[in-house]
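One structure is given below, encoded as structure tokens.
The values are calculated or read from the model by the stated rules, or taken from the named source; none is laboratory data. Predicted, not measured: the structure shown is a model, and the values here were computed from it. So basically every Cβ, Gly included, is an ideal-geometry build from the backbone, and we count neighbours across all protein chains shown. Each accessible area value is taken on the protein alone, full model and side chains, heavy atoms only, with ligands, DNA and RNA left out. Shrake-Rupley method; radii C 1.70, N 1.55, O 1.52, S 1.80 Å.
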Amino acid sequence: GWGLFRYDFHDVTPMASDMLVSELPDPVFILDENDRVLNYNRAATTVFGKRRLTGRTIDEIAPELPTHFGGNSVYAYSQWDTDDIIYFDPHVTVIEDQHDIERGRLVVLRDVTGQQRRQDRLEALQAATQQFITAESDERIADLAVTFAERVLDQDGAVVYLYDEDTDALHATAASETLERAYPDDARVVDDPDHPVYDAYCDGSITVTDISDRDLNTLFPSLLLVPIGDYGLLLIGSCETGEFVTEDEQFATILARTTQVALSQIERERELRQSRQAIERRNEQVEFFDGLLRHTLRNALLVIQGRADHLRE
């Protein structure tokens, strides 16, 4: 009775503490001195499987996790029921008794999957930037943009439309295979001002549109439209309605700006080549007229010299 009432064992605080650990979204493990699991919370069961975890070593449950306890490295775990990879930042607290002897460890695995994926996307974009810089044609740049949007941004399909002044239309220069199979050939050219693609290009702002009501058979009901300056537009399609989040829009914007810079570089190089060719043609013309003028003057002077000699005699 003294223990129960004097120290408030019936108070809400002990129960709330248990609920706090149990309801944490991050997996929590209590390990003994041999790294065997003594206790864990509900999130640990969700991530690491339905099997009973008590009595098993932490290395058996999460292979190579103990090697990440001492440093600042991130642990990557492939879920048991899917192919998805979750990234954790392990935080370890040593549990000691009254004699300062280590009796176990408290391990909290903070989920940093979102941060890691953002970092991976930025690193992939930095790596792709070099390829954008060395690209030698608009078609190659469009292919790189589609590849990045499809693989790195984890989207279902993408297409790059480039504007053609002669036809006043947007032409699909590069597209992923899924979009090529889903859309007919007449969708490769967009010249209707009321078309969502053309309207987003003219407006110059990012647009997320749902076309499931207009096209019931479409494979990509949700579209993310990102203008590439005056050069065209990047279209990213998703199989799920409302799939795009703010982060997707941010990275798509970065990709569109990178594509725009690469296209402007190609345009400047093209203008520079044209200017260089014009200068070379002018130099050739100057050399030709210079040679022609020298030849004409030489012939005229020879005639003058001949007549002068004749008069002198």
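Structural remarks
- Residue check, ASP143 among the acidic types (Asp, Glu), at pLDDT 80 or above and open to solvent by 10 Å² or more (accessible area, probe 1.4 Å): yes
- Test: residue in the range 156-172 that is of a type in the set (Ser, Thr, Tyr) and assigned to a helix (DSSP H, G or I): no
- Scanning the range 97-114 for residues that are part of a strand (DSSP E or B) and either under 16 Å from ASN34 (Cβ atoms) or among the polar types (S, T, N, Q) (or both) yields GLU102, ARG103, GLY104, ARG105, LEU106, VAL107.
- Taken over the range 28-46, the criterion of being buried (at least 20 other Cβ atoms within 10 Å of the Cβ) and either touching a Phe, Trp or Tyr at 6+ places or on another chain (Cβ under 7 Å) or among the charged types (D, E, K, R) (or both) is satisfied by PHE29, VAL37, TYR40, ALA44.
- Residue count, the range 68-107 (criterion: within 19 Å of VAL47 (Cα to Cα) and under 34 Å from the mean Cα position of the chain (by Cα)): 22
- Within the range 47-60, the set of residues being among the β-branched types (Val, Ile, Thr), surrounded by 14 or more Cβ atoms within 10 Å (Cβ to Cβ) and without any contact (Cβ under 8 Å) to a residue 24 or more places away in the chain comprises THR57 only.
- Restricting attention to the range 118-133 and to residues that are aliphatic (A, V, I, L, M) and loosely packed, with under 13 Cβ neighbours inside 10 Å, the residue that is farthest from ALA252 (Cα to Cα) turns out to be ILE133.
- Close pairs from the range 267-295: first polar (S, T, N, Q), partner in a helix (DSSP H, G or I) and open to solvent by 100 Å² or more (accessible area, probe 1.4 Å), Cβ under 8 Å, at least 6 apart: none
- Taken together, VAL226, VAL189, VAL245, VAL152 contain a single residue that is at pLDDT 85 or above and either crowded, with 21+ Cβ neighbours inside 10 Å or closer than 25 Å to GLN126 by Cβ (or both), which is VAL226.
- Among residues of the range 108-145, those that are touching a strand residue (DSSP E or B) at 6+ places or on another chain (Cβ under 9 Å), closer than 23 Å to ARG268 by Cβ and aliphatic (A, V, I, L, M), counted: 4
- A residue that is of a type in the set (Phe, Trp, Tyr) and modelled with pLDDT under 85 occurs nowhere in the range 88-100.
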